[in-house]
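This report concerns only the one structure given below.
The values are calculated or read from the model by the stated rules, or taken from the named source; none is laboratory data. On a predicted model such as this, the values are computed, not experimentally measured, just so you know. Neighbour counts are summed over all protein chains in view; Cβ atoms, including those assigned to glycine, are modelled from backbone coordinates with ideal geometry.
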Amino acid sequence: MQDIKKDRERFVAFAFASAEIFLEVNVSGKIHYEGGACSRITPSEETTLIGKRIHDLVVDEDMPFIDAFFPRIAEKKRLGPLPVRFKNTVGGQINLRVFALHMTDEAIYIALRSAPLANDYGMMQDHFDPNTGLINRTGFLELAGRTMRGTTLSGGDVKLTMAHIEGLEETRKKLGTKEVRSLINNIAAHFRSLSVDGTMAGQINETDFAILHHGQTSEQEIQTAVAKVDKAGLLKTSVSTVKTSDDAEMTEQQVIRTLSYVFTQFSKDPSKLNFESITEIYEDVAVKAKTRMTAIDHVIENRSFKLNYQPIYDLKTGEISHHEILSRFDDVIQGDTPFELIQFAEDIGLIENFDLAVFTKAIESIESYRRLDTKLRLAVNLSGRTLSSENHMEKLLKLLEENKHLCGQIMIELTESSAVSDVERAGRIFNRIKKIGFALSIDDFGKGAAGLNYLRAFDVDYVKIDGAFIRDLTREELRPGMLLTIIRLCKDLEVKTIAEHVEERFQADILEALGVDYAQGYYYSKPLPSPLVP
C-alpha cells in the first residue's frame, strides 16, 4: 500500500509538471480528486468537479470516444496523449490532450494539457468529421505520410491496419439511418482510441477504415472493437495489417502514394488480402515502383506525354463532331500500356496532377489551331479521384475560368474508373463548371450503378455508352434491349448519347437506327497523332 501511495505521489508530481489539470477517477469515470486549473472545464453553475463523471465534461460528439477510452485504459494500463474536446465555462469547447494511468483496481489518474500535438486533427480541419472524429482519405494520407517519416509523441513501431465493414447498408434498412450513424460514431471512437496519438484513424470510403497504430495493437482488437458496438450482430469485419516501411530513401510523397495504392487494392477485394499479401503489395510499391513513380512525376512536371485524338462522328450528318483526347507515353515510359499507366496513376495518387497537365495541354492544342483559324473541339477525361480532390478541382476551375472563351470547344468527360466519393459535393462543382459554360459528359455509362447516380445528380450534356453494349450488337444474336432503355432514358432527359468501340458498319447502322447521336471506334478511325480538321 505504501509503495502504491509513493507511486501515486510521483505520478501527481510528474503530471503537474506537464499538465494543467489533474483528475483521479474510478473505473466508471466518477471524479474523486481534482487539481490544477479545473475551473476551465467546471460547469459555470458548479464550484467543483468532484462527484461528477468525466463523461459529463466532454462535448456530445466525443462521448463515444470516452466510452471506448475506459475499457482501453483497463486493458493497456497507460494511454495518451489522446485529443478530447471538453466543454468550457462559456458554452464553447476546449481541446485538451488526455494522459491516463491505471495503477490500481479502483483509481485511474488523468492528466490534461493543451499543448499541441504534431498530428492533432485540428490541423486537418477541412478533412475532419466532427461527428466521428475520423479524418477522410486525403487527410489520413497526409498525416500518415508525415507520421511514418517522423516520430510520434507516444513512440514505438507503427503499423497500418485497414478494416472493411460489411453490413452497414443492411443495418440501415433494418434499424434505420439514425442507428447506423450512432453505430459508426461508436466504431470510430474505438478506432481512434487504438490509433497513434488518438488522431490517426480515418474513413477511406463508406465501408473502409484505416488505423495507424503501435505494434502491440492486434487485428483481433480491431475486430473486437466493432463487435462490442454491433449489438445486433449484423456486421462482418475484414482486417489487413501491414508493417510500414522504414526505408529512409522514401520521401513523404512516396509514402503517401504507396499508401494510396494499398488502400485502392484493399478496397477492390478486402477478403483476399492478409498480412503477407498486403505487406507484399506495400513493399512492391515502396521498392519496385519508385522508378515508375519518378518517371510519371517527371512526365507530368514537364508535360512530356503526347496527345492523340480519336474523332467522334455525328451519326445523322456523318461529320466529325469533336475528338476525344487520349494520352501516349511511348517515348518517355517503356513497358506499360497507356491504360496501365493511367490506372497506376489513379491507384498511386498521381492522377490528379496528371489530369491538370492534360487539360493544360489540351487548351494549348486548341489555341494553336485557333491561330490557324481552325476551331478544334475536344473531350477531355476527368478522373473521379480528381473530382473528389478539393485542392485540384480549385486549380482546374481556375484554369477553366481563365479560358472560358473556349467553353464551346471543351467537353469534360467524367470517367468511372475511380468512383466519386461525395456525389453531392461533386454536383456542386459540376454546377460551377456549367456556370462557366463548359459541357459535361459521363464516360462508360451503364457499366455500373454509379453511372445512374451521376446522371440523376449531375446536369450533364452527354453520356458515353459503355462499349460492352456496343460489342453485344452482333449479327448472330441482336439483343439491344438494355441499350434501348439507356437511349430512351437519355432522350427523356434531353441528354445526347455517344457510342464507343464501334468496330464495323453493322454496329454503326444499328446505333443510328436506335437513335444514338454520336459514335467513335476503329470503324471510323484509330486515335491519331493529329486531329482530323478541315
Item to check | Criterion: modelled with pLDDT under 90, more than 30 Å from V533 (Cβ to Cβ) and touching a Ser or Thr at 6+ places or on another chain (Cβ under 6 Å) - qualifying residue of S383, S388 | outcome: S388
Next on the checklist: Tell me whether the stretch 433-445 contains one or more residues that are among the polar types (S, T, N, Q) and buried (at least 21 other Cβ atoms within 10 Å of the Cβ).
Outcome noted: yes
Checklist outcome for this item: The one condition G446 fails out of (1) modelled with pLDDT of 90 or more; (2) under 27 Å from the mean Cα position of the chain (by Cα) is (1)
Next on the checklist: Among the numbered criteria (1) at pLDDT 80 or above; (2) surrounded by 21 or more Cβ atoms within 10 Å (Cβ to Cβ); (3) under 22 Å from Q520 (Cα atoms), which one does M393 miss?
Outcome noted: (3)
Checklist outcome for this item: Condition set buried (at least 20 other Cβ atoms within 10 Å of the Cβ) and part of a helix (DSSP H, G or I), scope the stretch 121-137, selection modelled with the lowest pLDDT: answer is Y121
Checklist entry - If you go through the stretch 155-169 one residue at a time, do you hit one that is out of contact with any Ser or Thr (no Cβ under 8 Å at 6 or more places or on another chain), hydroxyl-bearing (S, T, Y) and either surrounded by 19 or more Cβ atoms within 10 Å (Cβ to Cβ) or modelled with pLDDT under 70 (or both)? => result no
Checklist entry - For K526, which of the numbered conditions (1) under 33 Å from the mean Cα position of the chain (by Cα); (2) under 27 Å from N308 (Cβ atoms); (3) assigned to a loop (DSSP other than H, G, I, E, B); (4) charged (D, E, K, R) fails to hold? => result (1)
Checklist outcome for this item: Result of the Cβ filter at 7 Å on the stretch 165-192, keeping first residues that are on the phi < 0 side of the Ramachandran plot and partners that are surrounded by fewer than 17 Cβ atoms within 10 Å (Cβ to Cβ) and among the small types (G, A, S), at least 6 apart or interchain, is T171/A232; L175/A232
Next on the checklist: So if I check each of A232, A189, which one is in contact with a helix residue (DSSP H, G or I) (Cβ under 8 Å, 6 or more places away or on another chain), small (G, A, S) and either surrounded by fewer than 20 Cβ atoms within 10 Å (Cβ to Cβ) or part of a loop (DSSP other than H, G, I, E, B) (or both)?
Outcome noted: A232
Checklist outcome for this item: Of V516, V495, the only residue that is farther than 12 Å from P311 by Cα, in contact with an Asp or Glu (Cβ under 8 Å, 6 or more places away or on another chain) and touching a residue at least 24 places away in the same chain (Cβ under 8 Å) is V495
Checklist outcome for this item: How many residues of the stretch 346-357 are assigned to a helix (DSSP H, G or I) and crowded, with 21+ Cβ neighbours inside 10 Å? The answer is 7
Checklist entry - Which of the residues that make up the stretch 449-472 are modelled with pLDDT of 80 or more and either assigned to a loop (DSSP other than H, G, I, E, B) or in contact with a Lys or Arg (Cβ under 6 Å, 6 or more places away or on another chain) (or both)? => result F458, D459, V460, D461, Y462, D466
Item to check | Residues (under 15 Å from Y522 (Cα atoms) and of a type in the set (K, R)) located in the stretch 494-511 | outcome: R505
Checklist entry - Do you know which residues across the stretch 48-86 are of a type in the set (K, R), within 17 Å of R113 (Cα to Cα) and within 31 Å of the chain's Cα centre (by Cα)? => result R85
Item to check | Residues satisfying the stated conditions in the stretch 367-419, i.e. without any contact (Cβ under 8 Å) to a residue 60 or more places away in the chain, among the polar types (S, T, N, Q), farther than 27 Å from F445 by Cα and in a loop (DSSP other than H, G, I, E, B) | outcome: N403
